[in-house]
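Peer 1: So that we are looking at the same thing, I have put the structure below in structure tokens.
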Amino acid sequence: MYSQKHADLKRGIKYPNECKELAELFGIIFGDGCITVYKREYRNKRFLDYRLTITGHSIDDMDYLTSHVSNLIENLFNIKPLVKYKKGQQTIILQVNSKGIVNFLISKEVPISPKTNLIIPEWILLNDEYTKYFIKGVADTDGSLALKRRYRKMPYYPTINISSKDSSFIEQVNTSLNN
């Protein structure tokens with residue numbers, strides 16, 4: 001369990017043990033999530049902002065993000081994420097501002113953005129159930145289902161794809177699926 005000394009105790013944030021729900025959230029973050037730590041200034045004082053964001057399409061991903069992912073975060077960390085919309089775009093953003101949560105995620109091997117050289121955390125790979133839920137999170141965010149024509153005029157052949165810029169990450173997902 002993550003040390004409580006980094007917790008935002010005023011907001012009642014809790015830190016979960018390793019579980020399938022946390023593994024699924026990691027998959028979601030590896031897919032459409034982003035962890036940022038950046039400097040900002042307010043009233044001539046400098047601060048560090050710690051932020052977890054998960055972004056999707058405001059129509060296609062609305063129910064998934066506002067019900068499933070939001071509830072997942074709330075059940076795991078006891079905090080309800082903010083829901084934001086980008087003006088002039090069809091984008092919905094779930095946002096959690098918490099130094100404690102960001103530090104917890106980093107300690108469990110979630111990379112800070114930009115997400116390069118993604119590696120599935122070892123605690124997930126060592127447990128088949130956690131691996132399944134991690135891949136579920138990745139598939140829900142960066143996966144797609146399509147019907148191909150192949151040898152017929154009408155599309156009939158289902159294909160499932162997961163895409164990422166990081167080819168070594170895709171290899172790791174592929175190996176996990178084959179296992």
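Peer 1: Could you tell me which numbered condition Phe169 fails, if it satisfies all but one of (1) of a type in the set (Phe, Trp, Tyr); (2) in contact with a Leu (Cβ under 7 Å, 6 or more places away or on another chain); (3) open to solvent by 70 Å² or more (accessible area, probe 1.4 Å)?
Peer 2: (3)
Peer 1: Does Lys99 satisfy being basic (Lys, Arg) and either open to solvent by less than 70 Å² (accessible area, probe 1.4 Å) or more than 21 Å from Leu22 (Cβ to Cβ) (or both)?
Peer 2: Considered against the rule, which asks whether it is basic (Lys, Arg) and either open to solvent by less than 70 Å² (accessible area, probe 1.4 Å) or more than 21 Å from Leu22 (Cβ to Cβ) (or both), Lys99 comes out as no.
Peer 1: Restricting to segment 7-52, name every residue that is assigned to a strand (DSSP E or B) and among the small types (Gly, Ala, Ser). Write out each step before concluding.
Peer 2: First, pick out the residues of segment 7-52 that are assigned to a strand (DSSP E or B): 33-42, 45-52.
Correct list: Gly33 only.
Peer 1: For residues that are of a type in the set (A, V, I, L, M, F, W, C) and either outside any strand (DSSP E or B) or modelled with pLDDT under 95 (or both), scanning just segment 53-70, find the one that is farthest from Glu24 (Cα to Cα).
Peer 2: Across segment 53-70, the extreme among qualifying residues is Ile59.
Peer 1: Name the one entry in Glu129, Glu74 that is free of Cβ contacts under 8 Å to residues at least 60 places away in the same chain, surrounded by fewer than 14 Cβ atoms within 10 Å (Cβ to Cβ) and either hydrophobic (A, V, I, L, M, F, W, C) or out of contact with any strand residue (DSSP E or B) (no Cβ under 7 Å at 6 or more places or on another chain) (or both).
Peer 2: Working: Glu129 fails: free of Cβ contacts under 8 Å to residues at least 60 places away in the same chain.
Sole residue among the options that is free of Cβ contacts under 8 Å to residues at least 60 places away in the same chain, surrounded by fewer than 14 Cβ atoms within 10 Å (Cβ to Cβ) and either hydrophobic (A, V, I, L, M, F, W, C) or out of contact with any strand residue (DSSP E or B) (no Cβ under 7 Å at 6 or more places or on another chain) (or both): Glu74.
The values are calculated or read from the model by the stated rules, or taken from the named source; none is laboratory data. Being a predicted model, the structure only gives us computed values, none of them experimental. Cβ: placed from backbone, ideal geometry, glycine included. Neighbour counts: every protein chain shown. With ligands, DNA and RNA removed, areas are computed over all heavy atoms of the protein, side chains included. Shrake-Rupley method; radii C 1.70, N 1.55, O 1.52, S 1.80 Å.
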